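The values are calculated or read from the model by the stated rules, or taken from the named source; none is laboratory data. These numbers were taken from a predicted model, which means no experiment stands behind them. Reconstructed Cβ throughout: ideal geometry from the backbone, glycine too, with neighbour counts over all protein chains shown.
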Amino acid sequence: MSVIFGIIRFNEENNHTWMLSPYSINTFGKAMIISPEFRNDEKSFQLKFVGRYNPNGVSIGWDLALCHLNPNSSLPCKYIIKVLKDGQTLIQKSGDCTFSANNNEITICDMGAMSNINYDISCRLEFFSEKTKFVKKLGLKFNFEWIFLDKNFSDVVLRTANGKEIPGHKLVLATASPVFKAMFNHDMLENKSQSVDMIDISYDAAVEMLRYIYTGSVETKEYSLAAEVLAAAEKYQLEKLKNECEQILISQLSTENVIEALQVADTYNAKHLEKKAVDFVKRKMNETLPLSKVKDMLLSKARLVSK
């Protein structure tokens, strides 16, 4: 298989362009195809294909991943990656992610079996500093910050787990979430009563979810609240918010919370969090952890499985 990585562009602020040469091959117990390194100042990246295998060791496909090679602090990033054949776009993926020391690799897509043909890979990366992060809108076309938690023009009330109510706006909620859209489009109780019961979501988690819906931003960095918001994002089909919460949890993985992270990932189908948590456990098992730490982790896992 011959793979050619094409033009790598950054945004106008960075104003750099690279033309990458054909791939190189590296093996660490499994097939891996990596691009040459491409850089911008202190930021260094690679694209790579990673082989996937079934329990019998038979190849079942390839994943395309984007790797930050030297993360030493949190780096918010927006990516647009295209896979092309003969100038035709086969796959296009875009999204927001945050690279960190605990999260230096993002799986972009499943490439399938990848037949023996040439591919061009186009990758555009945009970075957000503290000064420019206010322009980072997670896929939203409008900014409704001016009516966030405001009763002005409110036409629906959201009732949270502790009974506290939050004013909402049907148009904003329906624009962001297909679940809300279905509620307000059909002859459902929520549409008739002008209220939505969210009794399984805490007030704080509901506020953070609405902050994303109205402003496109995620402010919380607190682990347990991010896990609650991830659960809410899964329920209301806010995929980009869910991804942001995964990144927050991944950046804070520790021996104390990794089992809980695995449970969250399994419950809410958070595949990237699951992979990073499993990798974390494997890495810690290979380190010289005190026996008591390993025992506690295993016991926690056993309790999780028994529930």
Looking at the range 36-62, which of the residues that are surrounded by fewer than 12 Cβ atoms within 10 Å (Cβ to Cβ) and acidic (Asp, Glu) is nearest to residue 98 (Cα to Cα)? 42
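Out of the residues in the range 96-124 meeting the condition of being aliphatic (A, V, I, L, M), surrounded by fewer than 14 Cβ atoms within 10 Å (Cβ to Cβ) and modelled with pLDDT under 75, tell me which one is nearest to residue 247 (Cα to Cα).
113
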Taking residue 219 as meeting all but one of (1) assigned to a helix (DSSP H, G or I); (2) surrounded by fewer than 15 Cβ atoms within 10 Å (Cβ to Cβ); (3) in contact with a helix residue (DSSP H, G or I) (Cβ under 7 Å, 6 or more places away or on another chain), write down the number of the exception. (1)
Looking at 237, 247, 263, can you tell me which residue is in contact with a strand residue (DSSP E or B) (Cβ under 8 Å, 6 or more places away or on another chain) and either part of a helix (DSSP H, G or I) or of a type outside the set (Lys, Arg) (or both)? 247
Residue identified as modelled with pLDDT of 85 or more and either within 16 Å of residue 216 (Cα to Cα) or within 23 Å of the chain's Cα centre (by Cα) (or both) among 184, 148, 153, 127: 148
Enumeration of residues in the range 63-76 that are modelled with pLDDT under 80 and in a strand (DSSP E or B): 75, 76
So which pairs qualify, if the first residue must be in the range 177-193 and crowded, with 16+ Cβ neighbours inside 10 Å, the second must be part of a helix (DSSP H, G or I) and at pLDDT below 80, the Cβ gap must be under 8 Å, and the two must be at least 6 apart or on different chains? 183/190; 183/191; 184/190; 184/191
Given (1) touching a Leu at 6+ places or on another chain (Cβ under 6 Å); (2) of a type outside the set (D, E, K, R); (3) modelled with pLDDT of 90 or more, index of the condition residue 203 fails: (1)
